[in-house]
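The values are calculated or read from the model by the stated rules, or taken from the named source; none is laboratory data. Only a predicted model underlies this, so the values are computations on that prediction, with no experimental measurement involved. Here the Cβ positions follow ideal geometry from the backbone for every residue, glycine too, while neighbour counts run over all protein chains shown.
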Amino acid sequence: MALILFNKPYLVLCQFSPQDGRESLADYLDMPGIYPAGRLDADSEGLMLLTDDGKLQHAISHPDRKQAKTYLAQVEGIPDSAALNRLRAGVDLGDFITQPCRASEVAAPQWLWPRDPPIRERAATPTRWLALTITEGKNRQVRRMTAAVGLPTLRLIRVAIGPFSLESHPLLPGEARPVEATAFRENR
């Protein structure tokens, strides 16, 4: 029974089957029988968990489990307390209202790798980093949340899922590492 941490690079599809000449997980992981426990959009980067155990996959990714996921979002603009409070309270995105989350402005982490290609830079428009921890994960949720409070996301990196993080388990984009799944097995 395997649990694999993987740092998904920018623009890699979160699936093993190829599609229209785009890179997928199969270009990085040669481990038959493993599947993602959750997804990341192609234009998002960062931590993914993969496993060969269906029950473990369910324990990690099912919405009822409310597994905490932390993201770093480089946003356009300067967050004020009103925007951060709106994010923390839950944001009405039209088709649903997000659950309350943790949100704070943070410094860019020293361990963060450069993105290829880099984000667009505008000399007159400042950017900042936010750390957001959510327990749900609807389609493009973090990007939609930051946009709804006037802070469009330029770069989005998932840095933690439950007890695992890229800070405590450093991986460069495209790297993978097996770990013990004890923390998730205890909660099944």
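Each row is one residue, and each column tells you yes or no for (1) touching a Cys at 6+ places or on another chain (Cβ under 8 Å); (2) in the same structural domain as residue 119 (by TED's automatic domain parsing); (3) without any contact (Cβ under 8 Å) to a residue 60 or more places away in the chain.
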residue: 20; (1), (2), (3): no, no, yes
residue: 41; (1), (2), (3): yes, no, no
residue: 45; (1), (2), (3): no, no, no
residue: 60; (1), (2), (3): no, no, no
residue: 92; (1), (2), (3): no, yes, yes
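Does residue 183 count as at pLDDT below 95, in the same structural domain as residue 38 (by TED's automatic domain parsing), over 25 Å from residue 79 (Cα atoms) and surrounded by 12 or more Cβ atoms within 10 Å (Cβ to Cβ)? Considered against the rule, which asks whether it is at pLDDT below 95, in the same structural domain as residue 38 (by TED's automatic domain parsing), over 25 Å from residue 79 (Cα atoms) and surrounded by 12 or more Cβ atoms within 10 Å (Cβ to Cβ), residue 183 comes out as yes. Filtering the range 129-139 for residues that are among the basic types (Lys, Arg) and farther than 29 Å from residue 178 by Cα leaves an empty set. Of the residues making up the range 130-153, those that are buried (at least 19 other Cβ atoms within 10 Å of the Cβ) and in a strand (DSSP E or B) are 130, 132, 134, 153. In the range 118-163, of all residues being touching a Gly at 6+ places or on another chain (Cβ under 8 Å) and of a type in the set (Lys, Arg), the one that is farthest from residue 76 (Cα to Cα) corresponds to 158. Suppose the filter is closer than 19 Å to residue 48 by Cα, basic (Lys, Arg) and outside the structural domain of residue 24 (by TED's automatic domain parsing); does residue 155 pass it? So residue 155 passes the test.
Residue 28: aromatic (Phe, Trp, Tyr), closer than 20 Å to residue 167 by Cβ and either more than 17 Å from the chain's Cα centre (by Cα) or surrounded by 15 or more Cβ atoms within 10 Å (Cβ to Cβ) (or both), yes or no? Against the criterion (aromatic (Phe, Trp, Tyr), closer than 20 Å to residue 167 by Cβ and either more than 17 Å from the chain's Cα centre (by Cα) or surrounded by 15 or more Cβ atoms within 10 Å (Cβ to Cβ) (or both)), residue 28 does not qualify.
Every listed requirement among (1) assigned to a helix (DSSP H, G or I); (2) within 28 Å of residue 19 (Cβ to Cβ); (3) not assigned by TED's automatic domain parsing to the domain that holds residue 175 is met by residue 56 save one, (3). Regarding residue 122, is this residue exposed (fewer than 14 other Cβ atoms within 10 Å of the Cβ) and not assigned by TED's automatic domain parsing to the domain that holds residue 9? Taking the combined requirement at face value, the residue satisfies it.
Do we have residue 115 as in a loop (DSSP other than H, G, I, E, B), out of contact with any Gly (no Cβ under 9 Å at 6 or more places or on another chain) and exposed (fewer than 11 other Cβ atoms within 10 Å of the Cβ) here?
So residue 115 fails the test.
Is it true that residue 87 is aliphatic (A, V, I, L, M), modelled with pLDDT of 95 or more and outside any strand (DSSP E or B)? Yes; evaluated as a whole, the condition is true for this residue. Selection over the range 31-53 of residues that are assigned to a loop (DSSP other than H, G, I, E, B) and either surrounded by 14 or more Cβ atoms within 10 Å (Cβ to Cβ) or of a type outside the set (Asp, Glu) (or both) gives a count of 13. Any residue that is β-branched (Val, Ile, Thr), modelled with pLDDT under 90 and within 20 Å of residue 140 (Cβ to Cβ) - is there at least one of those in the range 97-108? No, the range 97-108 contains no residue that is β-branched (Val, Ile, Thr), modelled with pLDDT under 90 and within 20 Å of residue 140 (Cβ to Cβ).
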